[in-house]
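> First the structure, then my questions, so here it is.
Please treat every number below as a calculation from the coordinates, not as lab data. Because the structure is a prediction, the values reported are computed rather than measured. Glycine gets a Cβ as well: all are built from the backbone with ideal geometry, and neighbour counts include every protein chain shown.
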Amino acid sequence: MADSSLDGSSSAAQQNVVADALLNVKALASFSFSDDQPPLEFPSKAISAEVSWSDGSRLDAPAFRHEKMQFMSEQLQQIATLEERTRVGESFIHMLYAYRGVSGAIPQVRDHDEANKAALYAHTYQVLKPLVDKMKELMAYMESSVNTVCKILVVANEARKSRGSPPSEELLLALARVFNMFISLDGLKDMKSSLNNDFAIYKRALSNMKKQTNPNEDETMENQKLYNFLGNKDEFARELRKTINLDGGPGAIEDVLADLLDKAADIIERRTYITADNKHTLLKAMGFSLYLLDSDQSDKAITKNKKVKLDRLMRLFKATPYMPLTGDMTLSMQTLLLKTSLREVSWVTESPGNEDNSLRRAYSLLHTLPEARAEFREYLAELGTLRSEFRRRQRLMGAAGGAPADTLTPVPPLLSSPMYNVLLRGLQLLGRLTTAVIEQSAWKLAHPTDSSINPDCPENAHDYEKSVRYNYSSAEKTAFVEYLSMVYSLKRTLAQAEAPFGHVIYSYIHATLQRFAHGSLAEVIASVAKKSKQNVLVALGHAFNVIADSTAAEGTDIVAQVSDKKAKKAKKASGSGAGMAIEQAYPERAASVSQAQLFTLRALLDSVYNEKAPGMRGGFMKDKDLSSEQAGLLDAVFQEAHFFPVMLSFGASVEAASDLSELWYKEFYLGLRKEIQFPIEMSLPWILTEHVLNPDDAHALIESVLYPLELYNDAAGRAIHKLRSRFLFDEIQAEVNLAFDQFIFALSNAVFEHYKQRASSVLINKEYKLLFEENISSDGRLEVTVLPFESVLRQRHFQLLGRSVDISRLVSQRISANLRQAVEVAIQRFEAAPLHGVLELKALLEHNRMTHELLSAVLPLESFDMILEEADEETNLVAFHGRIVSHVVYELVNDFLPNYCYNIMSGRFVLARLSMIDPLNRPSAPRPLPHLLFGSRIFNNHFSRMFDLYREYFGEVHFNALYTLLGRAYFPVILGELVNNARTLFEHSLRPFVSALMRGMPQSSKLPAFVYGVTGSYEYFFELLRPVITYGALRTEVFQVFREIGNTIIVLQLLDRASFVGQPLATMLTAPFLGIRAPGPKPSPAGAAGPAGGAVDAPPPESPTGSVADGRYVVADVLAANGELLASSGTVVDFATLGRHVEALTKAQLGGGRSLLGSFLASLSEALDSTRSEWLGATPSNDVLEVDMSKEYYRIWSACQFTFCTPPITASGSTTRESFGEGLQFGGLVFIYLLGQQHRFDVFDFSYHLIQVAGNETQLGRAGGVDLGRFVDLARFCRLLNDEIFRVFRAHMPLPAFEPALSIGQLPLKKPAFVGRFSPPGPDSADGSGTYHPFAGVHGDGERIGNLKAIAVTEGAGAPAPAASE
């Protein structure tokens, strides 16, 4: 009991395990393993265990024997024998084609090797003995096969005469395959000269070994026989014809061969063949049959044979005169016919190249492509529509039967007919496409080009180069690739249809045969039974019994049924008639018929209704056994059943119909050249692949770029499964390794170049693009056609020689390397150019970023920021900033600041006419490939033209580019370097120069009275300042230092402006996520109101965005004035408040509101602390102001300004402003501003005084050769510029009234405690000079200047301050 309980629990546990396993299997079925990879190749199989329908070898043939139909058993035996001979012969064909001689690698015996001669010969014998044994096996196979085939031909011919009906189609086709095999063996044996070479070395070794041993006479005779076999050409054909002549001559076989010729012609004319091999086998068998039927006797020549329709055959030969023999060997029909008496026909003697144009066009894929393309597209559309309809019907029938909605139930055979026919037509179309490709290849091999036809073909090119490499034009290669794409696409489509619709084929064939058996065949049997045609009745009855699948009256003979009178009477009484079909029910099965069944059926039908059958010849007073209508019914089934074998082996048929492996092989030409292998440039698959990747040829076929590589898979499959040659597979593998590396390289470059061009088309200036395209032809348009690279780039498991290759990953690696290289080139070009190259760098980086963005949609690429950081060396642990920032600082300090002049009117820097420093030694610019810049030479030229517009100056667009490239993060680096440079200039250059100038200034510099006029005042100042004016270093080194400092200030100001333009939008977008809030509104001025009546927060007057905000008040006023607009919108937008909020957020983002220029001024002021007291001068004696003191800094600058306001004496001379730009004034005035001497400078400047004096004069003359009018104009411009410069300084670093001796860090944060007001000194002033006169002139900007109203000072100090009111 315990044991039984244990057994029960064990079985229950096992059942649970099985149940769990089944649940897991069902769960796996719910998983989706779909891949978004576009299907471009034949579906791969990890394990192939397919058993073909044709592998049965007719083992069930005895079950279908009939005592009155013995001829079928005989023919089945003959067919089996011929098929066995064909299989063995094919193995010899593969052996011969892959055979390569080894004699060249065997060391030859020399005279000096006498001691080792015996050993060398012995080893040579051992090496060559297995190869010679194979040659002997081939010779023995020839002898046995010739005898066997001759015997079958004679027997079949005798049976043909005795029965009066031709042999079965299967027997005739088996004979055709044997004839084709004989032709191939003869061609290969004659082509392989290495066979004779190896046998000659073998005989030499054997003869030398026999001197030391007893000779074997049998072996000697066998070797002599083998020598003759290898030396004679066409040995198989000659021996077969010789044997036939011994057995009675051509007359003994002419009936069978005549039937073979007719049957082959019928199949070719009807195009009922599937593969190219089927067609070419029939053509070669026809030519071989003519050779066998021919005779050397003129009266028995083939041309005199009435049973052969030569006109029909010649028409077929002329339509396809060239075809492949084996691999790269080509056979011409003329070659076969020249061995017969047909050699006297003019067409047979034509040499290749003399064919008419129509034949050349028939072989050319280029001319047949439009028709093939239309048929291919039409077929795919029909198949897709039918497949959808078929599935819809399945679901409808399943729903009608109560099945779930998604269940696909079998469809009745009547509904399967359209699907079967479409699959058959697809197989036929696939065979036709493949045949066209193979036949064009054979034509090209038979018609090599030369330099007169193709100028690119060298004179010394060998045969294979002339036949393949230089024999295809660009258009022909394009057509070739498109044909390959159609072949492999259709192959993939049909292979994928086998699994879901394979049962349709079996269902349709079973239903067709049963409908025929119980319908048309039963009717014919009933009709024949009335005529008492016993032979026909027996044959058709046996055919019925062979194929009928009946559930009723099983075991009952159909002949007995139709002969039963009672049955006839019953039928007649029922009104159905005696001639009606025997109605029997038959099941619907998805079952196949065997080879023996199909052979028996077709053989019986053919023997009955064939026009050559005895009962179908008719005659005088003799009716035919079957009417034309009945014969038509039988013929329809006979012809349809011709395709049943290929449809029942649908998968194998698809493989055979798409086999293009011969396109790679070149053993024949390698043997001619005695080379091991040709370079990859001569390989047809690589030639086509390279053509597709060539942008000048066929980029539009880029989706088909993988199809030429499929030829390697076909060739490798042939090497393994047919040729069984390891070394050929190794050669294919080696070529694939090289070709695929080059393919990935070329594909990556093509993809990168295309997407670079697309990025260029997007980024190029649109106005320039439109203007350019309006004035050129369509060929020069800057619009880039989008090529379908995506389907290729998404291939992640492409099957190549059994390996799964991730093309997407490999291309991504190459593209990433190209992007790195492109970014590296952009930075190198920037490092080799002046600072204006920042525009090109910005454009190149934006271009590469756009390219990366476009490519990222189809490829898994790393981020562009990471690529840029690596190229810029920002990821280096020992580097604080990248190469771009370093070069910007280097160019600013060493070239830009010293050599460029700023023009405030244009807002641009231009290169100075005269450089004060040595030129920089920059690295030479790289010369990269065009695709590393903007994608192509065309786009490179266009972008270069646009950059040329910005190379002669440096302005706002350049500073905006700098800001875009560097961002705000690197501004402290630039600021720090510029501050250090300015401090160095100040400490080591400016301070000594200013000290020297102070020593050259007079002790007193009173302003002359107005009565002296402009001339007197100018001469007075000139003499007073002569030591400064004539100072040798003033116009060179001193002004150069001021310019560098001033250019630094301008650069920082423009960088500030660029940052305030570029930052607000980013700030507004990111502020909510960063938790940044704008400050609340300030109290509005009295009386000010916003658009909605609320207070308006007016921006400060010195605000960088003040003008923008003020401008938006106008918009707000317009909104307020349009009540309907406000009512419709429902919201009043306060643009001024929005502008101020943007400014507040931007300042918060930019570091607390301090600008670059403000920080620089603060740092410069700190550097000024060391010399502040010296440059401020001595303490005034009146504790307020020394009017005539000349030792203060502002007096030094006044002297400098007087100098550069003096125009050149000659008209061709350049002014100081033209030489140094406005940076000179920025550099001089910054120290006046930081020292608090602005107002003193405004009052006591020498040039300003001359302006006031000139206001009272109507005409100005010359003094010392100087045009005083021009002097005054220059001085007025300087005053306007100075006022603008001071406004800039106040905006970035407003200074309160403070003591000059204090540093910036010691500035008081509160207003002065005491402000005193003093009147200007009058005639009774303390100095008693009485020379001071108030200003009475007018400023150049039209602003009226009154007396100096006030000077504000802090407690206990006499520092100048802005006027209390204006």
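> Based on the mean of other Cβ atoms within 10 Å per residue, sort peptides 1240-1247, 193-200 so the most packed one is first. Don't skip to the end; give the middle numbers.
Working: 1240-1247: 22.9, 193-200: 18.1.
Per-residue mean Cβ counts within 10 Å order the peptides as 1240-1247, 193-200.
> Between residue 269 and residue 315, 0.36 nm times their residue separation minus their Cα-Cα distance comes to what?
Details: separation 46, 0.36 × 46 = 16.56 nm, distance 1.04 nm.
The residue 269-residue 315 span can extend by a further 15.5 nm.
> Expressed as a whole percent, how much of the Cα-Cα distance distribution for the range 61-351 exceeds 24 Å? Please report the intermediate quantities before stating the final value.
Working: 24076 of 42195 pairs.
Tail of the P(r) past 24 Å holds 57 percent of the pairs.
> Report the calculated FRET efficiency for residue 349 and residue 126 (r = Cβ-Cβ distance, R0 = 41 Å), to the nearest 0.05.
Working: r = 49 Å, r/R0 = 1.19.
My answer for the efficiency is 0.25.
> Return the Rg/Rh ratio of the range 751-960 with Cα-based radii and a Kirkwood Rh. It would help to have the intermediate numbers written out before the result.
Details: Rg = 20.1 Å, Rh = 19.3 Å.
Taking Rg over the Kirkwood Rh, I get 1.04.
> Quote the FRET efficiency, to the nearest 0.05, computed for residue 1287 versus residue 786 with a Förster distance R0 of 56 Å and r equal to the Cβ-Cβ distance. Can you show the working numbers first?
Working: r = 53 Å, r/R0 = 0.95.
The computed FRET efficiency comes out at 0.60.
> Please sort 455-468, 154-167 by packing, taking for each peptide the average over its residues of neighbouring beta carbons within 10 angstrom, highest first.
Working: 455-468: 15.6, 154-167: 17.9.
Packing proxy ranking, top to bottom: 154-167, 455-468.
> Next question. Divide the volume of the convex hull of the Cα atoms of the range 790-842 by its number of residues and quote the answer in cubic angstrom per residue. Show your work: numbers first, answer last.
Working: hull volume 4.0 nm³, N = 53.
Once divided by residue count, the hull of the range 790-842 is 75 Å³.
> Give me the net charge of residue 663's neighbourhood, meaning all other residues with Cβ under 11 Å from the Cβ of residue 663; Lys, Arg count +1, Asp, Glu -1.
On the way: positive: 444, 666, 718; negative: 328, 659, 662, 710, 714.
Once positives and negatives cancel, what remains is -2.
> Hey, another quick one. Using 26 Å as the Cα-Cα cut-off, could you pick out the over-long pairs in 189/279; 192/491; 533/612; 242/284; 263/304; 68/307?
Numbers: 189/279 23 Å; 192/491 35 Å; 533/612 17 Å; 242/284 20 Å; 263/304 21 Å; 68/307 29 Å.
In this structure, 192/491; 68/307 lie more than 26 Å apart at Cα.
> So how far apart, in nm, are the two label points at residue 937 and residue 635 if each is 7 Å from Cα heading toward Cβ?
Using points 7 Å along Cα→Cβ, the separation is 6.6 nm.
> List the residues of the range 1275-1293 whose backbone N lies under 18 Å from a point placed 7 Å from the Cα of residue 1257 along the Cα-to-Cβ direction.
Inside the label zone: 1275-1277.
> Based on the Cβ-Cβ distance of residue 503 and residue 385, what FRET efficiency does E = 1/(1 + (r/R0)^6) give at R0 = 25 Å, to the nearest 0.05? Please list the in-between numbers first.
Details: r = 20 Å, r/R0 = 0.82.
Result of the calculation: an efficiency of 0.75.
> Enumerate the amide H contacts of residue 799 below 5 Å, restricted to partners 5 or more residues apart or on another chain; note that Pro and chain-start residues carry no placed amide H.
Residues meeting the criterion, in which the H sits 1.01 Å from N, are 805.
> Which length gain, in nm to one decimal place, applies between residue 766 and residue 1178 when the Cα-Cα distance is subtracted from 0.36 nm times their residue separation?
On the way: separation 412, 0.36 × 412 = 148.32 nm, distance 6.38 nm.
Gain in length upon complete extension: 141.9 nm.
> Once you place label points 7 Å from the Cα toward the Cβ at residue 817 and residue 1026, how far apart are they in nm?
Here the answer is 7.6 nm between the modelled labels.
> Based on the mean of other beta carbon atoms within 10 Å per residue, what is the order of 425-436, 796-807, most packed first?
The peptides rank, most packed first, as 425-436, 796-807.
> Let me ask something additional. Would you tally the net charge around residue 1013, using a Cβ to Cβ cut-off of less than 15 Å, leaving residue 1013 out, and scoring K and R as +1, D and E as -1?
Details: positive: 1262; negative: 1019, 1257.
For residues surrounding residue 1013, the net value is -1.
> In whole angstrom, note down how far apart the Cα centers of the range 849-906 and the range 932-956 are.
Cα centroid to Cα centroid, the span is 17 Å.
> Before anything else, pin down the relative contact order of the range 751-960: Cα pairs under 8 Å, at least 6 apart, normalised by residue count, whole percent. Don't skip to the end; give the middle numbers.
Values: 223 pairs, mean separation 55.2, N = 210.
Reported as a whole number, the value is 26 percent.
> If amide hydrogens are placed 1.01 Å from N in the peptide plane, which non-local residues have theirs closer than 5 Å to the one on residue 901?
910, 911, 912
> Then there is this: Taking Cα pairs under 8 Å and at least six residues apart, what relative contact order does the range 61-351 come out at, in percent? Could the numbers behind the result be given before it?
Values: 261 pairs, mean separation 62.4, N = 291.
Relative contact order, the range 61-351: 21 percent.
> Same structure, new question: Take the range 127-213, compute every pairwise Cα distance, and split them into 5 Å bins from 0; I just need the percent in each bin.
3, 11, 15, 17, 13, 11, 9, 7, 6, 4, 3, 1, 0
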